[in-house]
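The values are calculated or read from the model by the stated rules, or taken from the named source; none is laboratory data. All values reported here derive from a predicted model rather than from experimental measurement. Using ideal geometry, Cβ is built from the backbone for each residue, glycine included, and neighbour counts are taken over all protein chains shown.
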Amino acid sequence: MIEIKHLTKRFGAFTAVEDVSLNIRAGEIFAILGPNGSGKTTMLKCVAGLVSPSSGQVLIDGLDTWGDALRAKRLFSYLPQRVAFPEMLTAREILEFYCRLRKLPIERVEEVLASSKFNGFGDKPVKEFSGGMVQRLGIAMLALADAPVLLLDEPTTGLDPQASARLRDLLTTRRNEGRTVVLTSHILSEVEDVADRVAILVHGRLVTVESVAVLRQHLMAACHIRVSLLNPDARFVAAARRAGANAAELSDNRLLVTSRAEDRLAILQALEEAGACVERFSTEEPSLEEIYLRYVYENAAPDHLADDRMSIRDASTRIH
């Protein structure tokens, strides 16, 4: 449905997106992830035909979003990261204007106002809206359209948990109807319940494209066992590795083992058979968010490591 071919976008000497190529299938929810400043918004604006590529091409259903912009734009509805509306107009007036603009049935307005839980705000001017209500109005406009492709830039910004859940329901419904959904975020936990696949951008470069299922496999291969030993010895490192550990490291009397979840019991048995006197042990499993952040950190350029640490701390704060 969407083909991105060697997409590069430069702003003067700064490269925001660098040689990105990927295919987004019809009928899937595809998330573009990355820390702040990674090029997500620029890439989505190139897909929407709002920013011209420096090189490369974006096709939606075979139509070039820059070279054949008019026909291509009929195929999608776009929600920017920051939405703004005339403050003196009501939500109803804005949605009715959008219906006329897109030649949509005006009856859809009442349906969308009800499903978006405006609770009387439909006839209030936008100047009385909170930031979350403005974002909700943007999502309502997105819901009006009958486009086969939905493009959303950081759509959960400003939404409370209940509104975020309704947004996820809307996106899932649209996917089940066969539509394609592309959204950006810098927090994996915001999209992991709805996304079929994710692309990770770091400083404008595409690091990986994975299904959420594959990310979960990475997760299960990175479980930790922390073992306190009464008789620490380097031979227990070798025993753990022979039993299937991906990594093992001895520090003082503590052995830290990384392995697949299903290998943990065999590793503990191997340690016991090798003569280890285990005082106590604990296990822990990383979150999907930690797997994502590992991709980000491992692919950061040296001069950006401090910025990426800040992004990781910010993301971790939002997780917990």
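Does any residue of the range 158-170 turn out to be within 15 Å of the chain's Cα centre (by Cα) and either in contact (Cβ under 8 Å) with a residue 60 or more places away in the chain or not assigned by TED's automatic domain parsing to the domain that holds Pro35 (or both)? The answer is no; no qualifying residue exists. In summary, strands (runs of 3 or more DSSP E) completely within the range 239-286 and bearing 1 or more residues that are free of Cβ contacts under 8 Å to residues at least 60 places away in the same chain, within 14 Å of Met220 (Cβ to Cβ) and under 36 Å from the mean Cα position of the chain (by Cα) occur at 254-259. Examine the range 74-91 for a residue that is surrounded by fewer than 17 Cβ atoms within 10 Å (Cβ to Cβ) and part of a helix (DSSP H, G or I), and state whether such a residue exists. Within the range 74-91, not a single residue is surrounded by fewer than 17 Cβ atoms within 10 Å (Cβ to Cβ) and part of a helix (DSSP H, G or I). Checked against (1) outside any helix (DSSP H, G or I); (2) under 25 Å from Arg25 (Cα atoms), His224 meets all criteria but (2). Just to be sure before I move on: is Val58 farther than 25 Å from Leu288 by Cβ, assigned by TED's automatic domain parsing to the domain that holds Leu101 and part of a strand (DSSP E or B) in the structure I sent? Yes: the conditions hold for Val58. If you go through the range 120-153 and keep only what is modelled with pLDDT under 90, more than 15 Å from Glu87 (Cα to Cα) and either touching a strand residue (DSSP E or B) at 6+ places or on another chain (Cβ under 9 Å) or among the hydrophobic types (A, V, I, L, M, F, W, C) (or both), you end up with Ile139, Ala140, Met141, Leu142, Ala143, Leu144, Ala145, Asp146, Ala147.
Only helices (runs of 4 or more DSSP H) whose full extent lies in the range 115-220 are considered here, and the ones with at least 1 residues that are more than 30 Å from Glu290 (Cα to Cα) are 131-144. Residues in the range 186-217 that are of a type in the set (Gly, Ala, Ser) and touching a strand residue (DSSP E or B) at 6+ places or on another chain (Cβ under 6 Å) were compared, and the one that is nearest to Ser38 (Cα to Cα) is Gly204. Assess whether Ala239 counts as being surrounded by fewer than 19 Cβ atoms within 10 Å (Cβ to Cβ), out of contact with any His (no Cβ under 6 Å at 6 or more places or on another chain) and in the same structural domain as Glu272 (by TED's automatic domain parsing). Here the answer is no, as Ala239 does not meet what is asked.
Selection of the range 1-47 for residues being touching a helix residue (DSSP H, G or I) at 6+ places or on another chain (Cβ under 7 Å) and outside any strand (DSSP E or B) yields Gly27, Glu28, Gly34, Pro35, Asn36.
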